[in-house]
Amino acid sequence: MTAKDAVPPTSDLPSDVQRQSAATCVPDDFYYDTKHLPHRTDADWARVRACAFAKDDVGVLMMLYANGYGVKRSPAIAVRFACLLGGAPAEEKMRVFHLSTMDGKDGGAEFDICDDATSGFMAGYCTHIEDRQRAQERAKVLAKYAQKLNGRERSAFEQLQTALSAFAQRRGDSETDMMGTARAALAIQASVDEYDAFMSLLGKVEAGTLEKSDTARVNDLNQEMDRVLHKVRLSKGVEADSSGRIGYTTITKANVVEAQRAWLQYRDAWIHFIGTHRTPDIDTDSLAAHLTTRRVEQLRTLLEEAQ
């Protein structure tokens, strides 16, 4: 209540022209993109502020005034926006307390909406924010890498990235238990894990440090993968009306089959890329063994869920 009359000064409010120019902006994306600029200015933050006011995004406005980004730092105004933001009771209480302990001086600790997240909903939101920034950084690295490839190699690399995206999405959508309030965060993280694994494998391919394997090992892994997948498909749902599901989860056997199909296309895209990208230190058996080992581990986890 002590912050109910703490309102932004009129000079901070956007003009009609600024509001119109911000009609299609996404405040939180705009905020975090600006935050990650190497040389951001007050003018950059002014555009973020106009966007937030135009969209009535109190979460972004709360962070702007808490941190003094393009405005005079004011924890009191930030508290007012925090109260308007609401959320889970414990989350709201912690956020307001956090802001009320800030002294309002420049150079203090940075405040973020995710600092005091406790709910499953905010876990999903914050995971999405982090993943979006990481995806942008990853895209820059991959674009730079693609510049070193010739036309044929680049085409195969683009096909590989398409297959990766399809499999990563399946891991998030099809092979993640969607029960509970943290389901969005878990689904995003499952996809992120695949992108991280891809970047790690690409680094090993380029450095020629992938563990060596042979055809016999690949055959053994394929047999083990088929065996575990077969067991998953034969498993029974725990509840009477859930025969198509895996254990107590929301994952269905059909989901697993779809994800497996996407993985096979991903594996084949990797092998095709290695076949076009002449890398003498990497052979397709070593690559297939690495990929299949990871997939077997994923299927074993699903089998544990099923049992």
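The values are calculated or read from the model by the stated rules, or taken from the named source; none is laboratory data. In this text the structure is predicted, and so the values were computed from the model without any measurement. Backbone-built Cβ (ideal geometry, glycine too); neighbour counts: all protein chains shown.
Name the one entry in V58, V96 that is more than 30 Å from L201 (Cα to Cα), among the hydrophobic types (A, V, I, L, M, F, W, C) and more than 24 Å from the chain's Cα centre (by Cα).
Numbers: V58 fails: more than 24 Å from the chain's Cα centre (by Cα).
On inspection, the qualifying residue turns out to be V96.
Residues in segment 82-120 that are surrounded by fewer than 16 Cβ atoms within 10 Å (Cβ to Cβ) and part of a helix (DSSP H, G or I): L84, P89, A90, K93, F97, S100. From the list D226, D220, the lone residue that is in the same structural domain as L291 (by TED's automatic domain parsing), within 23 Å of K253 (Cβ to Cβ) and assigned to a helix (DSSP H, G or I) is D226.
Does V79 satisfy the criteria of being crowded, with 21+ Cβ neighbours inside 10 Å and touching a residue at least 60 places away in the same chain (Cβ under 8 Å)? Against the criterion (crowded, with 21+ Cβ neighbours inside 10 Å and touching a residue at least 60 places away in the same chain (Cβ under 8 Å)), V79 qualifies.
Among residues of segment 1-20 that are under 19 Å from C83 (Cβ atoms) and surrounded by fewer than 10 Cβ atoms within 10 Å (Cβ to Cβ), none has a beta-carbon under 6 Å from a residue that is of a type outside the set (A, V, I, L, M) and modelled with pLDDT under 95 at least six positions away or on a different chain. Would you confirm, using the coordinates I've provided, whether V60 is in a helix (DSSP H, G or I), closer than 22 Å to R19 by Cα and without any contact (Cβ under 8 Å) to a residue 24 or more places away in the chain? No.
So that you can scan it fast, the table gives a plain yes or no per residue for (1) part of a helix (DSSP H, G or I); (2) among the charged types (D, E, K, R); (3) out of contact with any Asp or Glu (no Cβ under 7 Å at 6 or more places or on another chain); (4) modelled with pLDDT under 90:
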{"site": "S165", "(1), (2), (3), (4)": "yes, no, yes, no"}
{"site": "I188", "(1), (2), (3), (4)": "yes, no, no, no"}
{"site": "D193", "(1), (2), (3), (4)": "yes, yes, yes, no"}
{"site": "F198", "(1), (2), (3), (4)": "yes, no, yes, no"}
{"site": "L202", "(1), (2), (3), (4)": "yes, no, yes, no"}
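Looking only at segment 248-307, residues that are farther than 29 Å from S155 by Cβ, small (G, A, S) and crowded, with 21+ Cβ neighbours inside 10 Å come to 1 in all.
G247 - would you say it is under 15 Å from L302 (Cβ atoms), of a type outside the set (K, R), touching a residue at least 24 places away in the same chain (Cβ under 8 Å) and assigned to a loop (DSSP other than H, G, I, E, B)? Judged against the criteria, G247 is a match. Applying the criterion of being of a type in the set (S, T, N, Q) and loosely packed, with under 13 Cβ neighbours inside 10 Å to the residues of segment 220-247, the residue that is modelled with the lowest pLDDT is S243.
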